[in-house]
Amino acid sequence: MDARERHLRLLTETIAAVNSTLDLEEVLGLVASKVAAALEADACFVYLYDERADELVLRATHGTSVEEMTRRPRMRPGEGITGSAALERAPIMIPAEAHLDQRFKAFPNLPEAAYESILAVPILARERLAGALNVRTQKPRVFDEDEIELLVAIAAQVAQTIEHAKLYAHAQARVGELEALARISEAVSESLYLEESIEAIVKATMDAVGATGAALVLEDGSIAWPEGRAGAYAVRTALRWKRRQIGELVADRDTPFTDEERALLSSIAHHAAVALEHGRAVMRGVLAQEIHHRVKNNLQTVASLLRLQARAGGEIDAQKALDDSVNRILAIAAVHEVLTERHDDDVDLGELLARLRAMLVQGLVSGKTVEAELEHVELAGNQATAVALVFSELFQNALEHGGSTVTVGLSRRNGDVLLTIADDGEGIAGDAAGTGLSIVRALVRDELGGTLELRSGGGTRAEVVFPT
């Protein structure tokens, strides 16, 4: 009678302690420690049943420790002694040398072989498998019927507590998911900058599912924002906008993703798709404004050049005036072509001058030798337009009035850009203050903030120096 009273007290105390919290990890830890204490065992292992994977997963231990591992010990119902108790829905007791039992399953990071006896029982919630637990002793021990009944009774009561804790954990997870989605929505709606929205989405994704790393991959395969590191498991979720896939949200973790987490990643991916399209729409609007602004400025430049041409004194060669105007317009167009190809606000000046050189040689003169040494120089688009016009005027003069060879150079000098155009002819025809040179001097002075120097002797050499 005293033993039964003691067992009843132990059962009551154990259940009271386990019911003191709804935190699942804390519940499982209390189960392990309280059960070991109630049965005066050296160790207790608590497994929860993962219905989706059909596996028992070790979630708590007492009296021993699980060494560092990439995965928790897992077994299917029917595997190992504890798995057999779960499958049979009945206790299994082995008083000695349990590790020699044919049902024994060893884990390299779980020192179960150090224990002699084992008593394993299933954890059943309304006849449905919820898990299993076992108690172990280092010395041989026969657990009597009362002790077996006590552990079965504790497991039955613990089952309900575990189910409640799971529901609480699920509710907490849903709250976390909603908070993550709210943060993402806020970031998407508040930021006008695509990069900021993407950064917020990636970081919120890592927080929401405990990922080791995450990234957004765009439809062209480029990675928009990588964060963290790769894991053993990865989930790739499509970003869809109006039935079209525009990228993927990738999340990495060292443990498998649950169905609920995959559903959350789908919701985050939807927000990410909205953010991408929102940011792109903003950028398209900004780009359209910038294009209109540049076109307006360049049309004004063309109008100014035509007015200068019209105001030139003396007799005007109409054909040459038209040809000069065409070349100036083509020079401006070449800048836009380079900008469009690069998808950038900067121009490779060497590439631009090479295009202009080929265009002017083809359009004006044949049979002349053109030598060029062009370094790689990055230049803002607005400066590039002015340089293109300056180069066209000077290069055209050298081709028309120079000798058989024209030399073009582009380099850096003391932090400035040096553009040189030299020929081996007699010099620039006509007055050095003509329309073409007036345009060059105005552009170099006003648009480039630089200097123009003309040298004669064995030909003509024009040097334009300006800061970037």
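The values are calculated or read from the model by the stated rules, or taken from the named source; none is laboratory data. Being a predicted model, the structure only gives us computed values, none of them experimental. Virtual Cβ from ideal backbone geometry, glycine too; neighbours counted across all protein chains shown. Quick note on the areas: whole protein, heavy atoms, side chains included, nothing else; ligands and nucleic acids left out. Shrake-Rupley method; radii C 1.70, N 1.55, O 1.52, S 1.80 Å.
Our estimate of slack between Ala37 and Leu100, defined as 0.36 nm per intervening residue step minus the Cα-Cα distance, is 20.1 nm. For His271, the accessible surface of its heavy atoms amounts to roughly 50 Å² (probe 1.4 Å, protein chains only, rounded to the nearest 10).
Please work out the FRET efficiency for the pair Glu13 and Glu196, using the Cβ-Cβ distance as r and a Förster radius of 45 Å; give the result to the nearest 0.05. With R0 = 45 Å, the Cβ-Cβ based efficiency is 0.25. A Förster radius of 51 Å, combined with the Cβ-Cβ distance separating Ala90 from Ile223, puts the computed FRET efficiency at roughly 0.45. One decimal place: the segment Ala156-Asp23 gains 46.0 nm when fully extended, by the rule 0.36 nm per residue minus the C-alpha distance. In this structure, the pairs whose alpha-carbon distance is over 31 Å, taken from Lys139/Lys166; Lys34/Lys139; Lys166/Lys203, are Lys139/Lys166.
Fully extending the segment from Ser404 to Ala169, taken as 0.36 nm per residue of separation minus the present Cα-Cα distance, adds 76.1 nm.
Between beta-carbons, use under 14 Å as the cut-off and find the net charge around Ala422, counting Lys and Arg +1, Asp and Glu -1. Around Ala422, the surrounding residues sum to -3. Take the Cα of Glu453, step 7 Å toward its Cβ, do the same at Trp241, and the gap between the two points is 5.3 nm.
Accessible surface comparison of Ile201, Ile223, probe 1.4 Å, protein chains only, largest first: the order is Ile223, Ile201.
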